[in-house]
1. Just grab the label-to-label distance for residue 8 and residue 199, each label 7 Å out from Cα along the Cβ direction, in nm (one decimal).
2. Find the Rg to Rh ratio for segment 104-227, where Rh is the Kirkwood radius over alpha-carbon pairs and Rg uses the same atoms.
3. What order, most packed first, do the peptides 168-178, 192-202, 216-226 have when packing is the mean number of other Cβ atoms within 10 Å of each residue?
4. Extending each Cα 7 Å along its Cβ direction at residue 219 and residue 37, get the distance between those two points in nm, one decimal.
5. Assuming R0 = 25 Å, what is the FRET efficiency of residue 172 and residue 127, from their Cβ-Cβ distance, to the nearest 0.05?
Amino acid sequence: MDRQYIDDHHVIARYLADQLPESEREAFEEYYIEHPEVVREMETIARFKAGLIDLQEKGQLAPLLQHRSKVRPTYVFATAATLAAIAVGAFWISLRQPIAQQFAAPSLSALVRDGVPLTSIGTHQLLRTRGTRADAIIELPRTPGAISLEILPEYDDPQKRYSVSIWRVGNEGVQKLTQLQGLSADDRGLVVLFLDSSALQVGRYEIHLSTQSSWDEQTSIFSVQLIAP
């Protein structure tokens, strides 16, 4: 999938409306992981949503759409249709909130904050210890940057393709933060991803690594403890 295909087939709008078939959705998700500018487009829609909510709470949205004295009716209807489309898209953005956070990426170049790629500040290997303690204890750096995680899968995928989800464990339970799909094991057999340290907090996290090519999905859960510097 490329940008021309995305534009010609209205992929972003269909994705936000949850109207893509599975194969096309997976191809698009692999594309935006490597192209953070697409994520920023979806974040723009989320900001529109915030503006819509603010107008509605202030009682200004309905008068705006009903006002016809200085605006042609066709423009009013077009505006209403546009706002409705934005609201639908923003609704799906809210359901897919982990995507917009973009604090995890499969490559260093894809991890961007404020338009600037992050610098690597450390690498940690993640292995299942099967003990009661954490599988890895990571000290958060004083200087923000990209933390590299090298994960050794417990289960071998025939095509070496995996998905990774990141969960934060707190007093209120486990909260899913983000998910990456279509990751490949490297020539060492490790699945590598990068995290933005500035988006992380001291506490306990879980990394779920799942096989993606096999019909019988198998998942390993790694426990990670983040500590203060």
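1. In this crude label model, residue 8 to residue 199 measures out at 3.2 nm.
2. Rg divided by Rh gives 0.95.
3. 192-202, 216-226, 168-178
4. Simple spin-label model gives 3.5 nm for this pair.
5. The calculated FRET efficiency here is 0.30.
Coordinate-derived values only; no laboratory data. Source: prediction; values computed, not measured. Note that we place each Cβ from the backbone using ideal geometry, even for glycine, and neighbour counts take in every protein chain shown.
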